[in-house]
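The values are calculated or read from the model by the stated rules, or taken from the named source; none is laboratory data. These numbers were taken from a predicted model, which means no experiment stands behind them. Note: ideal-geometry Cβ built from the backbone for every residue, glycine included; neighbour counts use all protein chains shown. Note: areas computed on protein heavy atoms with side chains; ligands, DNA, RNA excluded. Shrake-Rupley method; radii C 1.70, N 1.55, O 1.52, S 1.80 Å.
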Amino acid sequence: MCLFIETIRIENGKAWNIALHEERMNRTRRFFFGKVTDLHLCAYLHPEACSGRTRCRVTYGDEVVRVEYFPYHLRQVDTLKLVERNDIDYAYKRADRSVLDEAFACRGEADEVLIVRRGLLTDTSIANVALWNGEEWHTPAKPLLEGTYRRALLDKGVIKETDIPVTSLKAYRYIRLFNAMISFGEVELPVERILINS
């Protein structure tokens, strides 16, 4: 059976953006399993039992398979390497991350990869991205995965969607990585730290 995951941030006994995670989970279930009854994540989570920043991993198919909790430690990212993967598809948050792991394995001396598809920036292997042009933060209009935190930032007007060709990188000053576990602004580096050549 094809399995999917939701990674949910729990902090101070509270699950973040739970409605967006639930919406994506049920949308994925309907796409792959047809007419299924919506699931409500609050019936499966116990955020009050967690201390510190905790990564909650919900694995599911047509039903929830398991719920796991892990202490979260932010990984330092100081350099990114552009990796071209025109055929990569991760539109649904699958439990099988092998396509992302293969891209990450191409990072060389860099800390993380920035995946390019058909000449456009998408995501890193772990996060959505946004780039600062001196006036506003742009996020790729065609990411590998439409993250829940990305959706929340778009809804608040913090970031704007646009196609970002590799050739336009010089128009930007900074890049931020963010996801359900990484707050916007927690991982930021100058675009000069994006390694274009091998």
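Probe radius 1.4 Å, ligands and nucleic acids left out: which of D87, D123 has the largest accessible area, and how do the rest follow?
D87, D123
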Exercise for review: Please list the non-local residues whose amide H lies under 5 Å from the amide H of D123, H modeled 1.01 Å from N, same-chain partners needing a gap of 5 or more.
Suggested key: I115, L144
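In whole percent, what relative contact order does region 46-192 give with Cα contacts below 8 Å and a gap of six or more residues? Let's see the in-between values first.
Numbers: 256 pairs, mean separation 26.9, N = 147.
The value is 18 percent.
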Check your understanding: In deg cm²/dmol, rounded to 500, what helix-only [θ] at 222 nm does the chain give when every DSSP H run of at least 4 residues adds -39500 (n - 2.57) and the total is split over its residues?
Key -> -4500 deg cm²/dmol
Check your understanding: Just how much of K81 is accessible, in Å², when a 1.4 Å probe is used and the result is rounded to the nearest 10?
Key -> 40 Å²
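Looking at region 102-141, which GluC sites (Glu not before Pro) are in a loop (DSSP not H, G, I, E or B) and have at most 10 other Cβ atoms within 10 Å?
Values: sites: E102, E109, E112, E135, E136; in loops: E109, E135, E136.
Here the GluC sites (Glu not before Pro) that fit, given the DSSP loop and packing criteria, are E109, E135.
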**Study point:** Neighbour-limited loop hits for trypsin sites (Lys or Arg not before Pro), region 121-198 (at most 11 other Cβ within 10 Å; DSSP other than H, G, I, E, B)
**Key:** K156
Practice item. May I ask for the angle, rounded to the nearest 10°, between helix 18-33 and the longest principal axis of the chain, with both axes built from Cα atoms and the value confined to 0 to 90°? Key: 80 degrees
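Regarding region 124-180, what whole-number volume in Å³ per residue does the convex hull of its Cα atoms give? Write down the numbers at each step before the final one.
Details: hull volume 4.2 nm³, N = 57.
Taking the convex hull of the Cα positions in region 124-180, it is 74 Å³ per residue.
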Check your understanding: Over the Cα atoms of region 84-172, what Rg and Dmax result, in angstrom?
Key -> 13.0, 38
Revision key, fill the gap. Under 5 Å from the placed amide H of N133, counting only residues 5+ away or on other chains, we find H138, R173
Review point. Where does each of S125, S168 land when they are ordered by accessible area, with a 1.4 Å probe and the largest first?
Key: S168, S125
Check your understanding: Ratio of Rg to Rh for region 15-69, alpha carbon only, Kirkwood?
Key -> 0.98
**Study point:** Assigned charges on the beta-carbon of Lys, Arg, Asp, Glu; the chain dipole about Cα centre (debye)
**Key:** 200 debye
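Starting from the coordinates of the alpha-carbon atoms of the chain, obtain the Kirkwood hydrodynamic radius over all distinct pairs and give the value in Å to one decimal.
17.6 Å
Rounded, prolate or oblate: which fits region 52-94 when a ≥ b ≥ c are the square roots of the eigenvalues of the alpha-carbon gyration tensor, with rounded for a/c under 1.5 and prolate only if a/b beats b/c? Working shown, then result.
Working: a/c = 5.89, a/b = 1.22, b/c = 4.84.
In terms of gyration-tensor shape, oblate.
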Point to revise | Candidate lysines for bridging to K35, where Cα separation is under 22 Å - those fewer than 8 sequence places away on the same chain excluded | key: K93
**Study point:** 20 Å reach of a label modelled at R118, 7 Å along Cα-to-Cβ, counting backbone N of region 133-170
**Key:** 139-147, 161-169
Study note, to complete from the structure: The answer for L195, listing residues at least 5 apart or on another chain whose modeled amide H is closer than 5 Å to its amide H, is L80, K81, L82
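Say a site is exposed when it is one of the chymotrypsin sites (Phe, Trp or Tyr not before Pro), sits in a DSSP loop, and has at most 16 other Cβ atoms within 10 Å; what is then the longest site-free stretch of the chain? Show your work: numbers first, answer last.
Working: sites that count: Y44, Y92.
Excluding the exposed sites themselves, the longest stretch runs over 93-198.
Write down the percent of antiparallel bridges among all DSSP beta bridges whose residues are both part of the chain, to the nearest 5. Can you show the working numbers first?
Details: 32 of 43 bridges.
DSSP beta bridges in the chain are roughly 75 percent antiparallel.
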Point to revise | For region 47-61, Karplus couplings with θ = phi - 60° (6.51, -1.76, 1.60), whole Hz, Gly/Pro x | key: x, 5, 8, 9, 10, x, 6, 10, 9, 9, 10, 9, 9, 8, x
Check your understanding: Once phi is turned into θ = phi - 60°, what whole-Hz ³J(HN,Hα) does the Karplus curve with 6.51, -1.76 and 1.60 give for every residue of region 134-141, x standing for Gly and Pro?
Key -> x, 10, 8, 8, 9, 10, x, 6
Revision key, fill the gap. Note, region 6-14: 3J(HN,Hα) by Karplus (6.51, -1.76, 1.60, θ = phi - 60°), whole Hz, Gly/Pro = x, goes 10, 9, 10, 7, 10, 8, 6, x, 10
